[in-house]
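Shown next, in structure tokens, is the structure this report addresses.
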Amino acid sequence: MEPASNGFPPYGISAVVKFGGSLMRNLETCRTVLAGLEHVRSSGHRILVVPGGGLPDKVIEAVDAAHPLAAFTAHHACALAQDQTGYMITDPAFSSNLAACSTLGECRLLIKEGKIPVLLPSRILFALDPVEWSWDITSDSIAAWVAWLTNTEKLAILTDVDGVYRNGRTDQPAALMSEVASDELARLGHTSVDACAAHFMAQRGLSGAVLNGAFPQRLGDWLEGRKVTGTLIRNPSQREQPVQTGRGAA
């Protein structure tokens with residue numbers, strides 16, 4: 001994290017965490033993931049969560065498949081789907097220390113209060129219009145953009161698989177990539193990380209990790225520099241930092 005400039009205080013975020021919408025397919029798993037995030041926060045890590053589109057997004061995709069939507073409609077509806085997921089995961093039915101917010105100023109205050117801010121991105125996206133209105137842009141890209149915007153060094157993408165797999169072979173443990181440079185990841189196309197997010201990370205020098213949210217201890221271990229099962233996304237200028245995979249890791 002770069003030092004703050006006079007008059008420009010840092011947001012104080014240790015990591016931006018993309019909460020994959022796939023983690024809501026099983027609501028008990030969802031609760032487990034969120035409890036894990038609360039544990040990570042109690043350990044001293046200041047995290048900002050960016051929600052995926054989740055269940056609402058699937059409805060939009062189904063409508064678009066049957067009756068193709070205009071780019072304006074799809075883009076704005078999907079941003080609002082992220083908001084809806086954010087509202088749901090901050091509800092007391094799922095969590096006790098996560099709080100929904102729609103501005104970065106609110107995020108800063110919540111972090112100071114010891115809470116986990118969940119950014120509802122539609123307000124910022126509609127005001128700044130930073131991305132193309134395209135299905136190629138997913139919540140992964142939005143999370144990467146938020147990490148860059150807040151000058152946050154680490155981006156964790158939580159999903160329902162262990163990481164990025166060669167040729168998408170999630171049924172083959174040996175195909176799990178322990179690490180990959182962000183520019184190489186972009187060349188692989190759409191994996192468990194969308195290609196636009198990987199390209200943005202490469203351009204902005206961001207690094208991160210793709211982790212299975214069903215094992216929330218992996219996030220804490222990764223933030224503390226321990227070896228975990230997952231895929232490390234490194235800045236091409238960084239030296240290789242191996243991530244352990246297989247039975248020896250959590």
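The values are calculated or read from the model by the stated rules, or taken from the named source; none is laboratory data. These numbers were taken from a predicted model, which means no experiment stands behind them. Cβ: placed from backbone, ideal geometry, glycine included. Neighbour counts: every protein chain shown. Ligands, DNA and RNA are excluded from the accessible area calculation, which covers all protein heavy atoms including side chains. Shrake-Rupley method; radii C 1.70, N 1.55, O 1.52, S 1.80 Å.
For SER43 paired with VAL59, estimate the spin-label separation in nm (one decimal), with each label point 7 Å from Cα along the Cα-to-Cβ line.
3.6 nm
Please report the carbon-and-sulfur percent of the accessible area for region 60-134; probe 1.4 Å, protein heavy atoms only, DNA, RNA and ligands left out.
It is 59 percent, rounded to a whole number.
Within region 191-209, name every residue whose backbone N is under 13 Å away from a label modeled 7 Å from Cα of SER237 along the Cβ vector.
Those under the cut-off are 202-207.
Take the Cα of ASN151, step 7 Å along the line toward its Cβ, and report every residue of region 105-137 whose backbone nitrogen sits under 19 Å from that point.
105-112
In Å and from the alpha-carbon atoms only, list the Rg and Dmax of region 82-148.
Reported Rg and Dmax, both Å: 12.6, 36.
For a label point 7 angstrom out from the Cα of PHE94 toward its Cβ, which stretches of region 38-65 have the backbone nitrogen within less than 15 Å?
Under 15 Å, as judged by backbone N against the label point of PHE94, lie 38, 49-59 of region 38-65.
Could you do me a favour and compute the accessible area per residue for region 129-203, 1.4 Å probe, result in Å²?
46 Å²
Counting Lys and Arg as +1 and Asp and Glu as -1, what is the net charge of the other residues whose Cβ lies under 15 Å from the Cβ of ARG25?
-2
Divide, for the chain, the radius of gyration over alpha carbons by 2.2 N^0.38 Å, where N is the residue count.
In units of the globular-protein estimate, the chain measures up at 0.95.
Add +1 for every Lys or Arg and -1 for every Asp or Glu among the other residues with Cβ under 15 Å from the Cβ of GLN84, and state the total.
Computed value for this residue: -2.
Compute the Cα gyration tensor for region 104-212, then decide on rounded, prolate or oblate, letting a ≥ b ≥ c be the square roots of its eigenvalues: rounded whenever a/c is under 1.5, prolate when a/b is larger than b/c in the other cases, and oblate in all that remain.
prolate
For region 4-54, just say rounded, prolate or oblate: build the C-alpha gyration tensor, square-root its eigenvalues into a ≥ b ≥ c, call rounded for a/c under 1.5, and beyond that prolate if a/b exceeds b/c, oblate if not.
Verdict is oblate for region 4-54.
Can you tell me which lysines have their Cα less than 25 Å from the Cα of LYS154? Leave out same-chain residues fewer than eight positions away.
Here the lysines satisfying the reach criterion relative to LYS154 are LYS18, LYS112, LYS115, LYS227.
Treating the beta-carbon of each Lys and Arg as +1 and of each Asp and Glu as -1, no other charges, what is the dipole magnitude of the chain about its Cα centre, to the nearest 20 debye?
Computed charge dipole of the chain: roughly 640 debye.
Order of 97-103, 197-203, 41-47 by packing, highest average Cβ count within 10 Å first?
In descending order of packing, they fall as 197-203, 97-103, 41-47.
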